Amino acid sequence: MVSGLINPNPIVYEKKECRVRSVPSNVDEYAVEPIDQLEIFDILSLPNICVDIKDPEHPYSLEELKVITEDAIEVDDKNSYVRVTFTPTVEHCSMATVIGLCLRVKLMRSLPSRYKVDIRVAPGTHATEAAVNKQLNDKERVAAALENPNLVAMVDECLAQSFA
Amino acid sequence: MDLVDGNYELREIQKLQGHTDRVWSIAWNPASGTGDIPPVFASCSGDKTVRIWEQSPSSRFWDCKAVLEETHTRTVRSCAWSPSGKLLATASFDATTAVWENIGGDFECVSTLEGHENEVKSVSWNASGSLLATCSRDKAVWIWEVMPGNEFECVSVLQGHKQDVKMVKWHPTMDILFSCSYDNTIKVWAEDGEGDWCCVQTLSEPNSGHTSTVWALSFNAEGDKMVTCSDDLTLKIWETDIGRMVSGDVRTPWTHVCTLSGYHDRTIFSVDWSREGIIASGAADDAIRFFVESKDGLVNGPTYKLLLKSEKAHDMDINSVQWGPGENRLLASASDDGTIKIWELATIS
């Protein structure tokens, strides 16, 4: 069982207990509320990816594994731009592309279509950083990947677990 | 008047809806839009279909005349008309290229070209319509000979690119093929005189080439200049000695003329050079831009000037911009937002 794990002993960090949203100065309840960093972070707090998505023994979220932190999400709502920088748990994590694809799909399904999304691995955290980044941001490759039923099933499985 | 001295605006003529997924590519029928034949173009989409659009001579409105479906089982990535306008080739992620014949207004799939291992990304006819080229994620470029009775015979499988090949395009007058790739290079392919096709030049970073994926390329009307667009946010202009090429030297090199940087904010997916010399680009920043050669900089070689930038031309990424075949400056653009727009680049006095 353990032999199938890419990282059998991940470091697990505590979840942040309490997050305080800044109180908007505008109290008009009909005003359009801009999408902020925390909102994207919540969208992306997917449990169970990267350790081994098929292994229910490791129900850690991307947040607990520090794959995604709030600081690594840059949002510019005015210009409809998001950049997510994630940190694979190990330098050779072969799941990096799948994690990135999951993050992209999740954002595609959650954000208004006007958004431009860039996804990258944190500089210096992956052996094939440039190749992973290039692949994740080539929309033709992403489109082709998302027509592959096996990959879509894998992504859906990852995403479904975030609501478990 | 010089093109560069004009004042222009991009007028939206019509927004065409019908595709139910992103529109990847459009191709104008080269045998339309002149004389009595109304302009026609094809569009292809992530919805697995191809649509044929025609302008009504009376109302000037564009209508969808045909939907080509139930042949491709995945995204149709690109389409190309034969020079006569009688055949339409469509390249799909389903690893096949289909050839359709217009029989009295009905499009019938008359041939299916199989051989690539996975997604076919682009298809192009040579100037005489005797050869077809396709390229794929499998890193290969295939050349097909058009035989009688809608038969297509593979005459060459060209290996050389290190990554998926994004686009193939024949030179407008010569049987010389160009391919551009995810490996950041552009390759030039020619026949050696004994029936064998080989790579005669690679335009890459060391010879002033692109530093990221090259998505598309286009030639000027004379065929002595080429423009390429890339994920590195630049357009590059290349030129060759066309006289030497026409006289038979297929190895006549292409050299870098200049790089248009600082204009685009996100990946440039499409570029098209009009017959009168205006370069249009479509990019992931939802904008369409127009460039033209400026005579000012002749001391240091030609320079190119931004004529016009139309921001928010679409709601999402622009995947394809293509100039129409007629005299008026019609441009079609295709987008991730599922729509196609017809524009006129109009002069304002």
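The values are calculated or read from the model by the stated rules, or taken from the named source; none is laboratory data. Treat the numbers as computed from the prediction; the structure is a model and nothing was measured. Don't worry about glycine lacking a Cβ; one is built from the backbone with ideal geometry, like all the others, and counts go over all protein chains shown. Keep in mind that these areas ignore ligands, DNA and RNA; they rest on the heavy atoms of the full protein, side chains included. Shrake-Rupley method; radii C 1.70, N 1.55, O 1.52, S 1.80 Å.
Quick notes
- Looking across segment B:44-100, the residues that are buried (at least 24 other Cβ atoms within 10 Å of the Cβ), among the hydrophobic types (A, V, I, L, M, F, W, C) and within 14 Å of chain A (Cβ to nearest Cβ) come down to B:Cys44, B:Val76, B:Ala91, B:Phe93.
- Pairs where the first residue, in segment B:148-164, is within 22 Å of B:Phe178 (Cβ to Cβ) and the second is modelled with pLDDT under 95 and open to solvent by less than 70 Å² (accessible area, probe 1.4 Å), C-beta under 9 Å, 6+ apart: B:Val155/B:Gly195; B:Ser156/B:Gly195
- Residue within segment B:295-306 that is open to solvent by less than 50 Å² (accessible area, probe 1.4 Å), among the aliphatic types (A, V, I, L, M) and away from chain A (no Cβ under 14 Å) present: no
- Inter-residue pairs, beta-carbon under 7 Å, first modelled with pLDDT under 95 and open to solvent by 30 Å² or more (accessible area, probe 1.4 Å) and in segment B:197-209, second basic (Lys, Arg) and assigned to a helix (DSSP H, G or I), 6+ apart: none
Results for (1) touching a residue at least 24 places away in the same chain (Cβ under 8 Å); (2) in contact with a Leu (Cβ under 7 Å, 6 or more places away or on another chain); (3) buried (at least 17 other Cβ atoms within 10 Å of the Cβ); (4) under 27 Å from B:Leu233 (Cβ atoms), shown as yes or no for each residue.
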position: A:Thr85; (1), (2), (3), (4): yes, no, yes, yes
position: A:Arg104; (1), (2), (3), (4): yes, yes, yes, yes
position: A:Val121; (1), (2), (3), (4): yes, no, yes, yes
position: A:His126; (1), (2), (3), (4): yes, no, yes, yes
position: A:Asn133; (1), (2), (3), (4): no, no, yes, yes
position: A:Val152; (1), (2), (3), (4): no, yes, no, no
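- Against the numbered list (1) away from chain A (no Cβ under 14 Å); (2) more than 18 Å from the chain's Cα centre (by Cα); (3) part of a loop (DSSP other than H, G, I, E, B), B:Glu108 comes up short only at (3).
- In the set (1) at pLDDT 95 or above; (2) surrounded by 15 or more Cβ atoms within 10 Å (Cβ to Cβ); (3) away from chain A (no Cβ under 14 Å), B:Lys139 fails one condition alone, (3).
- Here B:Pro30 meets the list (1) open to solvent by 50 Å² or more (accessible area, probe 1.4 Å); (2) closer than 26 Å to A:Leu146 by Cβ; (3) within 20 Å of the chain's Cα centre (by Cα); (4) away from chain A (no Cβ under 14 Å) almost entirely, failing just condition (2).
- Subset of segment B:1-21 (residues that are in contact with a Phe, Trp or Tyr (Cβ under 9 Å, 6 or more places away or on another chain) and either assigned to a strand (DSSP E or B) or closer than 16 Å to B:Ile279 by Cα (or both)): B:Tyr8, B:Leu10, B:Arg11, B:Glu12, B:Ile13, B:Gln14, B:Leu16
- Among residues that are in contact with a Leu (Cβ under 7 Å, 6 or more places away or on another chain), at pLDDT 95 or above and crowded, with 21+ Cβ neighbours inside 10 Å, B:Ile318 is not included.
- Summed over segment B:111-122, the residues that are away from chain A (no Cβ under 14 Å) and either open to solvent by 50 Å² or more (accessible area, probe 1.4 Å) or within 17 Å of B:Lys187 (Cβ to Cβ) (or both) give a count of 2.
- Enumeration of residues in segment B:153-205 that are more than 27 Å from B:Ser92 (Cβ to Cβ) and in a loop (DSSP other than H, G, I, E, B): B:Thr173, B:Met174, B:Asp192, B:Gly193, B:Glu194, B:Gly195, B:Asp196, B:Ser204
- Cβ pairs under 6 Å, 6+ apart, first in segment B:326-337 and within 14 Å of another protein chain (Cβ to nearest Cβ), second open to solvent by 40 Å² or more (accessible area, probe 1.4 Å) and not small (Gly, Ala, Ser): B:Ser335/B:Met316; B:Asp336/B:Arg22; B:Asp336/B:Met316; B:Asp337/B:Asp315; B:Asp337/B:Met316
- Residue match in segment A:43-64 (condition: open to solvent by less than 10 Å² (accessible area, probe 1.4 Å), more than 14 Å from chain B (Cβ to nearest Cβ) and at pLDDT 70 or above): yes
- Set B:Phe41, B:Phe107: member being more than 22 Å from B:Arg275 (Cβ to Cβ) and crowded, with 16+ Cβ neighbours inside 10 Å: B:Phe107
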